[in-house]
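The values are calculated or read from the model by the stated rules, or taken from the named source; none is laboratory data. Since we're looking at a predicted model, the values are computed, not measured. Here the Cβ is made from the backbone with ideal geometry for all residues, glycine too, and neighbour counts use every protein chain on show. Accessible surface areas use protein heavy atoms only, side chains included; no ligands, DNA or RNA. Shrake-Rupley method; radii C 1.70, N 1.55, O 1.52, S 1.80 Å.
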Amino acid sequence: MFDEDIIIPEIEDGSAQYEHFRCVVDAGQVPVRIDKYLFERMVHSSRNRIQSAAEAGYIQVGGSPVKSNYKVRPGDVITLMLDVPKHDSTIYPEDIPLDIVYEDDILMVVNKPAGMVVHPGAGNFSGTLINAVAWHMRDVPTFDPNSPEVGLVHRIDKDTSGLLVIAKTPEAKTSLGKQFFVHDTHRIYNCLVWGHFDTDEGRIEGNITRDPKNRLRMTVTAPDSGIGKDAVTHWRVIEKFGYVTFIECRLETGRTHQIRAHMKHIGHPLFGDETYGGTEILRGERSSTYKAFINNCFKVCPRQALHAKTLGFVHPQTGEEMHFDSPLPDDMSQLLDKWRALIH
């Protein structure tokens with residue numbers, strides 16, 4: 001990933017260059033300036049920084065430097081080459097406890113706790129879920145945690161708890177990856193959101209794209225806007241608390257921050273979701289007693305109240321329909337109990 005803190009130096013003839021970022025342009029991509037294309041994908045970079053890198057010759061397509069106005073084409077291999085080595089991103093086994101829900105020779109399903117990053121990245125190079133998986137699989141010679149052909153099939157956010165499937169073989173990852181790509185998996189999340197719903201269920205359709213005002217946040221655009229990736233979320237009310245509502249969300253697609261962005265878009269940010277405004281008191285009284293209650297709720301569950309509860313897919317080897325369910329973690333259970341006590 002292109003780091004904001006990297007100062008783009010002058011290129012010296014003959015100096016060594018190191019790859020810091022690589023991506024392959026999708027087959028259906030329409031022509032667009034490369035600085036705009038990369039701005040959508042390099043979370044920690046501004047467009048000016050990307051343009052500076054291009055002008056310095058650091059952004060390459062097919063191994064050759066290109067300028068900011070280069071129009072990307074399907075199949076282009078884009079790299080960011082700098083003359084400083086990249087941080088060592090090798091995944092090393094770490095003895096971290098895993099909550100394994102299911103395991104066989106080709107896959108495993110784990111229940112990730114809130115607060116754990118799933119994969120090493122900027123600012124989190126150890127202590128991740130995949131470091132724990134590498135330790136668990138340390139005596140399996142065919143499993144290489146640094147190979148993209150095995151490992152995580154999908155991801156959930158650091159502060160989201162719940163179920164993930166991990167592939168132990170390339171064949172399993174290919175099969176599971178296709179199921180996620182064509183939306184054949186079954187994924188249900190539980191979450192507490194701000195506000196009251198007039199109906200008991202609904203459907204949200206809106207493209208998900210990077211928010212230009214906040215690179216760490218996603219935003220929603222119209223389905224026919226041509227901006228972002230299509231996304232559909234189905235929601236259903238489970239329990240009403242007046243000022244907040246406990247709901248179930250079923251994903252038809254699986255985009256970055258999909259539930260968080262979609263619920264924000266319809267005026268119901270997730271409770272405790274700082275990135276999307278959920279740590280403000282958005283509904284309820286102005287009394288000091290109520291404010292103290294809400295602050296206590298934030299202390300009980302100091303994260304977005306979102307849990308990946310259900311995961312279903314077809315086993316790549318046996319063809320069996322697999323279905324897994326995980327209980328709400330303690331912090332969300334305690335949060336719901338506080339709201340139940342308030343209204344009764």
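The tail of the calculated P(r) for segment 204-330, taken as Cα-Cα distances beyond 24 Å, holds 39 percent of the pairs.
Can you run the Rg to Rh ratio on segment 245-303? Use alpha carbon positions and the Kirkwood inverse-distance Rh. Spell out each step's value before the answer.
Working: Rg = 12.9 Å, Rh = 12.6 Å.
Rg divided by Rh gives 1.02.
When +1 charges are put on Lys and Arg Cβ atoms and -1 charges on Asp and Glu Cβ atoms, the dipole computed for the chain relative to its Cα centre reaches about 1200 debye. Look at the Cα gyration tensor of segment 121-232: its axes a ≥ b ≥ c give a/c of at least 1.5 with a/b over b/c, and that counts as prolate. Where in segment 243-265 is the amide nitrogen less than 17 Å from a point lying 7 Å along the Cα-to-Cβ axis of Val182? From segment 243-265, the list is 252-254.
Spin-label model, Glu103 to Glu320: label points 7 Å out along the Cα-to-beta-carbon direction sit 1.7 nm apart.
Per the Debye calculation on segment 51-133 with a single equal scatterer at every Cα and no solvent contribution, log₁₀ I(q)/I(0) for q = 0.11, 0.19, 0.24, 0.25 Å⁻¹ amounts to -0.54, -0.85, -1.08, -1.15. The residues of the chain have, on average, 50 Å² of accessible surface per residue, using a 1.4 Å probe with all protein chains present.
From the Cα gyration tensor of segment 37-193, with a ≥ b ≥ c the square roots of its eigenvalues, which class applies: rounded if a/c is under 1.5, or else prolate if a/b is larger than b/c, or else oblate? Since a/c reaches 1.5 and a/b is larger than b/c, the shape of segment 37-193 is classed as prolate. The heavy atoms of Lys36 offer some 100 square angstrom of accessible surface to a 1.4 angstrom probe.
Rg over Rh of the chain, using C-alpha atoms and the Kirkwood radius, what does it come to? Computed over Cα atoms, the ratio is 0.99.
Over the chain, what percent of the accessible surface lies on carbon and sulfur atoms, probe 1.4 Å?
The value for the chain is 49 percent carbon and sulfur by accessible area.
In this structure, the residue pairs whose Cα-Cα separation is over 29 Å, taken from Lys173/Lys240; Lys264/Lys338; Lys168/Lys264; Lys178/Lys299; Lys240/Lys309, are Lys173/Lys240; Lys168/Lys264; Lys178/Lys299.
Prolate is the label for segment 275-329, because the ratio a/c of its alpha-carbon gyration tensor axes (a ≥ b ≥ c) is 1.5 or higher and a/b is greater than b/c. With the simple spin-label model, which puts each label point 7 Å out from Cα in the Cβ direction, the Ser126 to Asp95 separation comes to 1.4 nm. The 3J(HN,Hα) values that the Karplus relation (6.51, -1.76, 1.60; θ = phi - 60°) gives for segment 164-180 are, in residue order, 9, 10, 10, 8, 8, 10, x, 4, 5, 5, 4, 5, 5, x, 5, 5, 5 Hz. Gly and Pro appear as x. Highest mean first, the peptides 221-227, 98-104 sorted by other C-beta atoms within 10 Å per residue fall in the order 98-104, 221-227.
Ranking Asp325, Asp211 by solvent-accessible area of protein heavy atoms (1.4 Å probe, all protein chains present), from largest to smallest, gives Asp325, Asp211.
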